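Inspection log for the structure reproduced underneath, given as structure tokens.
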Amino acid sequence: MEVFKDYYRNTVKFVKNEMYFSNQPKHVWVITKHKGQWLLTKHKNRGIEFPGGKVEQGESADQAARREVYEETGGIVKELHFVGQYYVDGKGGDIVKNVYFAQVDELEERPHYYETEGPMLLDDIPKNVKKDNRFSFMMKDEVLQIAIKEVKRL
């Protein structure tokens, strides 16, 4: 288990390759690639980030991951791999989130991308992402580094 502080100084616990905190997490985050590039989205308020969001009622976390990628980027997930799960002891309440890696075959243009501005492709994640104000707070803690290492291992 990895334990660290997030961007807002909340305690985060991350466990690789197992659902340690909950079998029914309420949130998902998907590290996504399309044709060798990182597939991200630009949230209208938070900035550049990987797709993710809440698990809807009657939906599994895997289904939510696929849906969120499609809604926020137009990406159709070919392969979905569970990477790990994390728990945030937040000031506004606790959060349990599954992290996935998805290979996207195809990007469909959509009439809207919900709360995002649609797909964004990058060759590399900048090394200075923590200091880059274009990126969301979600990209600025150790979850990203741990997940990227696991993705590269896959």
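What to note about this one:
- The value for segment 70-154 of Rg(Cα) / (2.2 N^0.38 Å) is 1.21.
- Among D89, D123, D6, the ranking by other beta carbons within 10 Å of each residue's beta carbon, starting with the fewest, stands as D123, D89, D6.
- The charge dipole of the chain, taken about the Cα centre with unit charges on the Cβ atoms of Lys, Arg (+1) and Asp, Glu (-1), comes to about 600 debye, rounded to the nearest 20.
- Candidates per trypsin sites (Lys or Arg not before Pro) in segment 84-128, loop by DSSP, up to 12 other Cβ within 10 Å: K91, K127
- Over the chain, DSSP H runs of length four or greater, each weighted -39,500 (n - 2.57), average out per residue to a 222 nm ellipticity of -5000 deg cm²/dmol.
- GluC sites (Glu not before Pro) restricted to segment 47-119 and DSSP loop, no more than 14 other C-beta within 10 Å: E56, E59, E108, E109, E115
- Under 22 Å from the Cα of K91 - lysines, other chains or at least 8 residues apart: K5, K13, K26, K54, K130, K140
- By the count of other C-beta atoms within 10 Å, a proxy for reagent exposure, V99, V15 are ordered fewest to most as V15, V99.
Throughout, read-outs are computed from the coordinates displayed, never taken from laboratory work. Just so it is clear, the model here is predicted, and its values are computed rather than measured. Reconstructed Cβ throughout: ideal geometry from the backbone, glycine too, with neighbour counts over all protein chains shown.
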